[in-house]
């Protein structure tokens, strides 16, 4: 028995995601933009206005079995890498459904995936809200650790 959705089932999930995202764009002032990936891709870019990090973009990618999500948190640290990675790993312990990771060019990402069997608008809302909240909570500390010399006051 396969849990992979066929093309028609994926089309329905894709439509539900699109409708929900566009509704959020229309009514939620934190949502700055919703864009789609290349034609034929089942991918969305959701830009959210933050307080700690000016903009957080969450990429959603619909696969046959999962909805993957990721966001770029910050570039590779300039200093104190071990302390930064410990800081992020300790936050991973409290996260549900997402984790910090090192991505291309050693940048820091927050990534996760949702089985499509658990998909629903409420779960999509939880995922986007949780990812956004995690970035907002960790960004100030992470940026101050990885780029500490940029925050030091001149003597």
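The values are calculated or read from the model by the stated rules, or taken from the named source; none is laboratory data. In this text, all values refer to a predicted model and were calculated from it rather than measured experimentally. Please note: Cβ atoms are built from the backbone with ideal geometry, for glycine as well, and neighbour counts cover all protein chains shown.
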Open item on the list: Condition first: in contact (Cβ under 8 Å) with a residue 40 or more places away in the chain, surrounded by 10 or more Cβ atoms within 10 Å (Cβ to Cβ) and not in a strand (DSSP E or B). Now tell me which residues in segment 25-57 satisfy that.
Closed with: 30, 50, 52, 53
Open item on the list: Which numbered condition in (1) in a helix (DSSP H, G or I); (2) out of contact with any strand residue (DSSP E or B) (no Cβ under 6 Å at 6 or more places or on another chain); (3) in contact (Cβ under 8 Å) with a residue 12 or more places away in the chain; (4) at negative phi is the only one that residue 21 fails?
Closed with: (2)
- [ ] Report yes if residue 50 is at pLDDT below 95 and either under 15 Å from the mean Cα position of the chain (by Cα) or within 18 Å of residue 109 (Cβ to Cβ) (or both), otherwise no.
- [x] no
Task: Condition met for residue 72 (farther than 20 Å from residue 116 by Cβ and under 15 Å from the mean Cα position of the chain (by Cα)) - done: yes
- [ ] Filter segment 84-99 down to residues that are assigned to a helix (DSSP H, G or I) and either at positive phi or free of Cβ contacts under 8 Å to residues at least 60 places away in the same chain (or both), then give me how many there are.
- [x] 8
Open item on the list: I'd like to check something: does segment 70-81 contain any residue that is modelled with pLDDT of 95 or more and assigned to a helix (DSSP H, G or I)?
Closed with: yes
Open item on the list: Residues to consider are 137, 126; find the one that is over 19 Å from residue 45 (Cα atoms), within 17 Å of the chain's Cα centre (by Cα), modelled with pLDDT of 95 or more and surrounded by fewer than 20 Cβ atoms within 10 Å (Cβ to Cβ).
Closed with: 137
- [ ] Taking the options 84, 88, name whichever one is at pLDDT 95 or above, surrounded by 14 or more Cβ atoms within 10 Å (Cβ to Cβ) and in contact with a helix residue (DSSP H, G or I) (Cβ under 6 Å, 6 or more places away or on another chain).
- [x] 84
